[in-house]
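Engineer: Would you mind keeping the following structure in view while I ask a few things?
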Amino acid sequence: MQQYLEVGYALSNRARCTGCFQNITKNEIRFGHVFVAPGFGYDKKHWYHLTCLKFIPKGDRNQDVALINIHCLKTEDQKKVHDRLDFIKKNCGKKFAKECKLLEKQDDQCEYIKADKDIFSTFIKHMKHKERKDLGEF
């Protein structure tokens, strides 16, 4: 799945920040993480306030993701974006990577437990059905 980062001014008040769940006001700088899903006919966008952006997303195989539309911003706003990205790279990178690894392990464990429960419940149903059959209920 292709990904890129988009920065620009909010066109309306309808977009909601994924970080704080508040609306992004019109003409405020917003930062978007865009997923391009081939075959679906649309792009999925996660918008953030510039101050709510806590990490810089990485693409497939941990490569850097392209930043587009930054040239459309005013020069002082471009500086704000670059300053924020530099701040995130310096302060939040290692901590976030550790948190992501921990969450991935937890997700894998939850999936394993869920699958284990499904197998166990299927086994119990099968055994109950077999017992009924052995007792002559069928």
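Engineer: For Gln2, enumerate residues with amide H under 5 Å from its amide H, sequence gap 5+ or separate chain, H modeled in the peptide plane.
Structural biologist: When sequence neighbours closer than 5 places are left aside, the close amide H contacts are Val36.
Engineer: Shifting gears a bit: With θ set to phi - 60° and the Karplus curve 6.51 cos²θ - 1.76 cosθ + 1.60, what are the ³J(HN,Hα) couplings of the range 41-49 in order, to the nearest whole Hz, using x for Gly and Pro?
Structural biologist: Computed from phi, the couplings for the range 41-49 are x, 8, 10, 8, 10, 10, 9, 9, 5 Hz.
Engineer: Then there's this: Which value, in Å³ per residue, describes the convex hull spanned by the Cα atoms of the range 1-53?
Structural biologist: So the per-residue hull volume is 76 Å³.
Engineer: Still on this model: By average Cβ neighbour count within 10 Å, what is the ranking of 13-21, 37-45, 50-58 from highest down?
Structural biologist: 50-58, 13-21, 37-45
Every number here is computed from the coordinates shown, using simple stated rules; none is lab data. None of these values were measured; they are calculated from a predicted model. In this analysis, Cβ positions are derived from the backbone assuming ideal geometry, glycine residues included, and neighbour counts consider all displayed protein chains.
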